[in-house]
């Protein structure tokens, strides 16, 4: 019997997300504060349920993320005054910012105070085919980080150096300040060519285990399918840590046979087992079971500071039809005014 109520929120994707939660962790409660947030997120907002695999005692911690499109008003989202002020300052400083993300850790755990981590896309040309797009300077990206961090501390000289070297060798896509983690940290999401990833890591003095990394990069399901582009996740605390994550996006319904092939590769690699979790992936990608425009699965495999390897599934969902409708409506009202 499911303990998570299925109540359709106003213009939201509450029901399909809650059904997924019920399948992933059928005997757990969804906390009231998270339930309220889920009901309040508009359907055009991209959302993720993050499932960490291979944790101790078979636990699969679930996190929740939702995106804020900069073309929509901040009032459309359930933000605290503090977070609304942070994002408003960033929008005013850099109008070309595409979107923000909020991430809530361990949404099935009851907490008196739940502090989200904050993410910002700092590459306006990301996922765009347009050539004439504003790009951020290193200084502008650094200023975004200072606005994200607010009263949080971070190694200023280290971050200034990393931003400069990363942009010389690759593309810095996202910057994150993980307020919800202990200790708090900065995450850097980078797009780099497979042939350049080692030289980039050496240029920034990454202190991790290169033998383990070589083995990770040999996993065939992590290898890029097109353009030899790799997406890498790095973490900074007082300095750059030995953590690294490799992200593989995305198993979509538009490539159903290819998605099934990659899922089989994950089973063969031992990342997924033929159990309830893999059934959830297949059900999530089943075109016949829903009417929402887009569902997908992203996968990240990380080398932790402990030396252990950990994988995560990111179940993504967005009503892209509703998103396009709202964008056209905003453009029309803006033109009319």
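The values are calculated or read from the model by the stated rules, or taken from the named source; none is laboratory data. As the structure is a prediction and not an experimental result, all values here were calculated from the model. As a convention, Cβ positions derive from the backbone with ideal geometry for all residues, glycine included, and neighbour counts pool all protein chains shown.
Evaluating residue 44 against the criteria (1) under 30 Å from residue 151 (Cβ atoms); (2) modelled with pLDDT under 90; (3) in contact with a helix residue (DSSP H, G or I) (Cβ under 6 Å, 6 or more places away or on another chain) leaves one unmet condition, (1). Residue-level analysis places residue 230 outside the set of residues that are modelled with pLDDT under 90, in contact with a strand residue (DSSP E or B) (Cβ under 7 Å, 6 or more places away or on another chain) and surrounded by fewer than 16 Cβ atoms within 10 Å (Cβ to Cβ).
Any residue at all in the stretch 35-46 that's part of a helix (DSSP H, G or I), touching a residue at least 60 places away in the same chain (Cβ under 8 Å) and surrounded by 15 or more Cβ atoms within 10 Å (Cβ to Cβ)? The answer is yes; a qualifying residue exists. Select from the stretch 1-22 the residues that are part of a loop (DSSP other than H, G, I, E, B) and modelled with pLDDT of 50 or more and write down the one among them that is farthest from the chain's Cα centre (by Cα). Per the stated criteria, the residue is 11.
What about residue 71, is it more than 30 Å from residue 25 (Cβ to Cβ) and part of a helix (DSSP H, G or I)? So residue 71 fails the test. Residue count for the stretch 74-94, restricted to those that are touching a residue at least 40 places away in the same chain (Cβ under 8 Å), within 20 Å of the chain's Cα centre (by Cα) and not in a loop (DSSP other than H, G, I, E, B): 2.
Selection over the stretch 241-277 of residues that are assigned to a strand (DSSP E or B), at pLDDT 70 or above and out of contact with any helix residue (DSSP H, G or I) (no Cβ under 7 Å at 6 or more places or on another chain) gives a count of 6.
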